[in-house]
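Just so it is clear, none of the values below were taken in a lab; they were calculated from the coordinates. Model, not experiment: these values are computed from the prediction. Every residue, glycine among them, receives a Cβ derived from its backbone with ideal geometry; neighbour counts consider all protein chains shown.
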Amino acid sequence: MSLEQVLEEFRSGKAARNVTCWRSFPGRPPRLEPFPTWLHPSLVEALRRRGIEHLYSHQAAALQVVRRGEHVVVVTPTASGKTLCYNIPVVESVLRDDATRSLYLFPTKALSQDQLAELEQLAGETLRLKAYTYDGDTPQSARQAIRTAGHIVITNPDMLHTGILPHHTRWLRLFQNLRYVVIDEVHQYRGVFGSHLANVIRRLKRVAHFYGARPQFICCSATIANPSELASRLIEEPVTLVDESGAPSGERHFILYNPPLVNRELGIRRSCLLEAAELAGAFVRAGVQTLVFARSRLSTEVLATYLKRAAAGILPGQGEATVRGYRGGYLPTQRREIEKGLREGKVRAAVATNALELGIDIGRLDAVVMAGYPGSIASAWQQAGRAGRRTDPAVAVLVADSSPLNQYLVNQPEYFFGRSPEHGLVNPDNPFILANHVKCAAFELPFEEGEDFGGTCVQPVLEHLAAQGIVHRSGGRWHWIAESYPAEDISLRSASAENFVVVDVTAPRPRVIGEVDRFSASMLLHEEAIYLHEAEQYQVEKLDYAEKKAYVRKVEVDYYTDASLAVSIRVLAQFQHDPEHNLPRSSGEVLVTALPTMFKKIRFGTHENVGSGPIHLPEEQMHTTAYWLQVPREVADDLGPQALEAGLLGLGNLMVHIAPLFLLCDARDIRSVVEVRSPFTRCPTVYVYERYPGGVGFADKLFELHGELLAACRDLVRGCTCADGCPSCVGPGAEAGAGAKQATLRLLRTGLGVLR
Amino acid sequence: MEDPWHEIREALRCARPRPDGERRSGIAVDRVLPGRYLSPPPGSGYLVERRLSIHHYHGGRHLSDALGQAVGCLGVLAGAPGLEGNLLEELVFLDTETTGLDVGPGTLVILVGTGRFEAGGFVVRQFFLAEPAGERPLLEELARHLDGCAGLVTFNGRHFDLPQLESRFVLNRLPPAPSSLPNLDLLPVARRVWGLRLASRSLASLEDNVLGYMREGDVPGYLVPSLYREYLRTGDATTVAPVFEHNLRDILSMVMLVSRLVDWCARAASGDLPPEAHPADVAGLGRACEYAGLAAAGTACYEAALARGLDGAPRQLASERLARLYRRLGMRAEALAVWSGLVASGQACSPDPYIELAKHYEHVARDPVRACALVEEAIVRFGAGLSPAREAALRHRLARLRRRLDIRTGPSA
Ligand SMILES: [Zn+2]
């Protein structure tokens, strides 16, 4: 059966009732441009050998921008040939001058390997091009040659931070001749990781300048609201945007699917996993090559088992070989075999976790089914982009679960199909992150008196370090005099150095699988907590608070854990305030004190509460940034004390769930807390604070987006069919209190009403 | 919770200029050690020169013992064959003290000590980083000082002192002068020569066990970084004075060590080593010669070590190596005698003697039964401890020998 026939059946079948939106995008021919005349003939020949006779228009545009000497960010869909946008200028520069060097940054090792293979194919036998990956796996014996002879060094931010910059005198050749720095997957560098990367780039530029090089940056990003803003925040230079894809595509369908309600009053829907399995099963039975994305390892197993059964007796080769799971824990050889099977069409269906999201080459498939919203619109489009060949039609189905954000998206498709609302945010001047990188930079090169760091004045930080005997001022420069290697103690994944280590004790030999910052440790690593790592579930067996170590063991359960905190908040400084609004808004610096009290076990998909337990851990304090809005006294009086409290809780809950729509962050990156009478505002107040010490810019952005945020919250509550609150809107009725839904709506209407 | 937030935030927001260099009240270096500034203080390098008598006694020898000695085959052993024809007095002894053990741009070289024979004496020059800002004039002066010298003598210079200095030269945009000189690094040679006897081959251990010299009142190397930081903090140079002493002793010990090594190496070819050389050291010297490709000298040393009554595991090791050298030199009879001795006494420490003998019985003596028995014994004695590949090779050899036996005697039943 062809895909069109399957879709036709689907359109007329029973399940069609659950479709909230069905968008069809007509096929598009390629927009081609000839190779520029200035391109080196050997490179043209190498491209022709690979069957490339023309450039797509976006590739040609990117080349032009690069040739003008501008920094560029290229935003194009999955598999539109974006790698040529940087490989062509880089290879060209090597062909013109053999001394030229370039650095490629990818967020993961797997992507680095793929890029190396791609470059090697392009170079073939004829181009003299030395490209190497340089990461933790690179043998010691090979490093010397890479440092001196590699035209292209492919690495990741962590290795640049600990393995290259602190040893720059050995990388003399690279830094003296550094022409291009390529940063792919720019949208991944947001929040804490991005704030760190921006500082690593400051260090990179500082070292390159020392050797007389001013590299040009070529960045690539998935579609987000502010790609050029994010890229230019990361590299702190103006960036030119290239975002019109000239790549061809066949006709494509994008379907938003909401599982039917089983209890309207309580807002409970059918399991998103089951619905996804049935939809994918129909595709697989019809012979449509299908990729299913699930959010946890357990879900991939459940879905794979279901699909194997669905395929049995219908597909040649039987279930085992034709339906495969694909996730983080698989061995590289296993993964490569599955990727090859998908490319060759022997594997007819695969169930993947997000491991597949990032550019790994599996060719193109006919259908993608997403069991749950992958957390950001950018990710959803990247996953959907796996379906769609040059000419044939393709389909992507997003099956919503019961969480507020999932529900919001399937019911407000304009957010999905319109201009991306998601902002990638970084805050390179987060004082904790900044101070750490000033240390690394001082180790790498003495700071001059009055020298800034990415435009930020850091002299006082240096005086602070001098007082601790870490740097010494001499002759108008600050010299590193400590014995330690600062970069080794600084993880790019967390804001403060005081981290808890997560140790997996499943195998006889324990291994460290992650780090959690101190403030979050009591929420994420209390005993019995479920800790997620590469889509695998681990349960915390023991938390050694004094040693800052959590011992975890692999488990397979159908729930996640959520800790409840008794939180108090104190405003230390108000940065912005807008009293003109019906619900006056502010942002600023706060001290959050949190005492974990108990945790809940919450079932995937349905978000039901399936158990709980106590947490016995001391309280934690954190300095961070927050956004808050206050309810004027007359509105509060009008609501009455009970409804007011329910409304505040409901609103806080909603905002935390909806904010990731605008912020490109995880729902766990922000939290809310309410005060019926705030000592600071003297009014009822809802605070949304950042979970990372120092903050990464979420609070300021929410202040700016105040109106849009409230409108999105209102649309969600208004559209929800429940009687008085449910997990899909303001929270289950019992939790926020009776009347929560109405009270929340009332507050939202006030906030969105005519300005006073 | 200790929180740097406020301090840092305040610092970031209200940047205020401060006068350069805080006045420190400590005792300046020129009042502790006589010398001269390489640039006007503050922010300067400081050079201390000391002339020692040629008759200065250290580590069982006089400095004058090194005069007239040619580097000779020690140059080959230390991987600096270009220096073979040079005399020790044409070389510069070099040792650095740093703020850390890792080679990286954040590690400062705080003291570079050099020693060389000059006009009837031995002159030690210590280039001291009195202020980090004085690094460039210090390095320039050092480069001038090294200009025209034939080569360096160091202890672990290849992996420590020279990369550290190279990094400093690069950071000051100067051509890295010391790295371009031939380097006679004593550490790898010392490891081979004294490794059979001594657990630690640090300079201090060699002084104690080889030179018979005990340091008294010496500051341990690991304290150097914190002493220097203390000096920077207080400006009191009495804090770092012991570091100069430590560095001086390192240089003198290197002179004594190289003088001894040159002497030993010159005698290696004849196996005629001085009586104070322990048999294990003689075998160690043989090993160093063998690694450097000097087969004849290696053979002579191993023979001498065995003749001097070397015993225990080093004896078996030396025997096996000796036999291998015999074979390489075409001395088959001698090799067979050593292997047979090892097998007969059951003292072989690897399967090699069995295999070599088995080859001999199979191909030369035409006695496959004996060959087969030898391989069987080797498998029994060593099979479990070998790498899978080596074990497989042994079993393969055995299977091949057994097939040969079957063919000769006909199918046995
Ligand atoms: Zn609801």
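For chain B, the spread of Cα coordinates along the three principal axes comes to 102, 62, 37 Å, biggest extent given first.
Dipole magnitude for chain A: computed about the Cα centre from +1 point charges on Lys and Arg Cβ and -1 point charges on Asp and Glu Cβ, it is near 1380 debye. Take every Cα pair under 8 Å whose residues are at least 6 apart in sequence, average their separation, divide by the length of the range A:448-527, and the relative contact order is 16 percent. If you take the square roots of the eigenvalues of the alpha-carbon gyration tensor of the range A:117-191 and sort them as a ≥ b ≥ c, do you get rounded (a/c under 1.5), prolate (a/b over b/c) or oblate? Note, shape of the range A:117-191 comes out oblate. Relative protection proxy for B:178-186, B:380-388, A:111-119, from highest mean packing down: B:178-186, A:111-119, B:380-388 (other beta-carbon atoms within 10 angstrom). For A:Arg633 and A:Ser12, what does the FRET efficiency come to when R0 = 51 Å and r is the distance between their Cβ atoms, rounded to the nearest 0.05? With a Förster radius of 51 Å, E is 0.35. Mean separation of Cα pairs under 8 Å and 6 or more residues apart, divided by the residue count, gives the range A:565-752 a relative contact order of 22 percent. Ellipsoid fit via the Cα gyration tensor, the range A:496-557: semi-axes of 17, 12, 10 Å, each the root of five times an eigenvalue, largest first. Between 0 and 90 degrees, the angle of helix B:162-171 with respect to the longest Cα principal axis of chain B falls at about 40 degrees. Cysteines in chain A lacking any other cysteine Cβ under 4.7 Å from their own Cβ: A:Cys21, A:Cys85, A:Cys219, A:Cys220, A:Cys272, A:Cys440, A:Cys457, A:Cys665, A:Cys683, A:Cys713. Pull up the cross-link candidates among the aspartates and glutamates for A:Lys741, meaning alpha carbon to alpha carbon under 12 Å and not fewer than 8 places away within one chain. Correct list for A:Lys741: A:Glu645, A:Asp724. In the protein assembly as shown, a dipole from Cβ-located charges (positive for Lys and Arg, negative for Asp and Glu) runs towards its positive end, and of A:Thr721, B:Ala393, B:Leu171 it is B:Ala393 whose Cα lies farthest in that direction. Looking at the range A:664-756, none of the GluC sites (Glu not before Pro) sits in a DSSP loop with at most 16 other Cβ atoms within 10 Å of its own Cβ.
Each Lys and Arg Cβ is given +1 and each Asp and Glu Cβ -1; about its Cα centre, the range B:273-404 then shows a dipole of about 760 debye.
Rounded to the nearest 20, the size of the Cβ-charge dipole of chain B about its Cα centre is 1640 debye, with Lys and Arg at +1 and Asp and Glu at -1.
With the simple spin-label model, which puts each label point 7 Å out from Cα in the Cβ direction, the B:Asp208 to A:Glu704 separation comes to 6.5 nm.
For peptide A:431-441, the mean count of partner chain Cβ atoms within 10 Å of a residue's Cβ comes to 2.
Ordering B:Pro368, A:Tyr326, A:Phe575 by the projection of their Cα atoms onto the charge dipole of the protein assembly as shown, which places +1 on the Cβ of Lys and Arg and -1 on the Cβ of Asp and Glu, puts B:Pro368 at the extreme positive end. Over 26 Å between Cα atoms: which of A:Lys549/A:Lys701; A:Lys601/A:Lys701; A:Lys130/A:Lys346; A:Lys308/A:Lys600; A:Lys82/A:Lys130 fall into that group? As for pairs spanning more than 26 Å Cα to Cα, those are A:Lys549/A:Lys701; A:Lys601/A:Lys701; A:Lys130/A:Lys346; A:Lys308/A:Lys600. If you plug the beta carbon distance of B:Leu101 and A:Gln642 into 1/(1 + (r/R0)^6) with R0 = 60 Å, you get a FRET efficiency near 0.35.
Between the range B:52-89 and the range B:274-291, the C-alpha centres lie 18 angstrom from each other.
Rounded to the nearest 10 degrees, the inclination of helix B:135-146 to the longest alpha-carbon principal axis of chain B is 50 degrees. Positive end of the dipole of the range B:273-404, charges at C-beta (+1 Lys, Arg; -1 Asp, Glu), about the Cα centre: which of B:Ala300, B:Val380, B:Leu310 has its Cα farthest in that direction? Farthest along the dipole direction, towards plus: B:Val380.
Shape summary: chain A maps onto an equivalent ellipsoid whose semi-axes, from the alpha-carbon gyration tensor, are 40, 36, 25 Å in decreasing order. Peptides A:90-96, B:109-115, B:225-231 ranked from most to least packed, by the mean per-residue count of other Cβ atoms within 10 Å: B:109-115, A:90-96, B:225-231. Based solely on its DSSP helices, what 222 nm [θ] is calculated for chain B when runs of n ≥ 4 H residues each add -39,500 (n - 2.57) and the sum is averaged over all residues, nearest 500 deg cm²/dmol? One gets -14500 deg cm²/dmol as the mean residue ellipticity at 222 nm.
Sorting A:43-55, B:290-302 by their mean Cβ neighbour count within 10 Å, with the most densely packed peptide first, gives B:290-302, A:43-55. Shape class for the range A:425-500, computed from the alpha carbon gyration tensor (a ≥ b ≥ c): oblate, with a/c not under 1.5 and a/b at or below b/c.
Please work out the Cα center distance from the range A:689-740 to the range B:299-361, rounded to the nearest Å. If you average the Cα positions of each part, the centres end up 83 Å apart. Membrane-span-like helices in chain A, defined purely by DSSP H runs whose alpha carbon atoms cover 24 Å or more axially and whose average Kyte-Doolittle hydropathy reaches 0.5, are A:641-658. Between rounded, prolate and oblate, where does the range A:1-122 land on the alpha carbon gyration tensor, with a ≥ b ≥ c its root eigenvalues, rounded for a/c under 1.5, else prolate if a/b exceeds b/c? Since a/c reaches 1.5 and a/b is larger than b/c, the shape of the range A:1-122 is classed as prolate. Across chain A, the mean sequence separation of Cα contacts (distance under 8 Å, 6 or more residues apart), normalised by length, yields a relative contact order of 12 percent. Out of the DSSP beta bridges found with both residues in the protein assembly as shown, what percent are antiparallel (nearest 5)? About 65 percent, rounded to the nearest 5. Shielding value for A:452-463 is 3, the average number of Cβ atoms from other chains within 10 Å of each residue's Cβ. Sort out for me the Cα centre separation of the range B:169-214 from the range A:505-574, rounded to whole Å. That distance is 49 Å.
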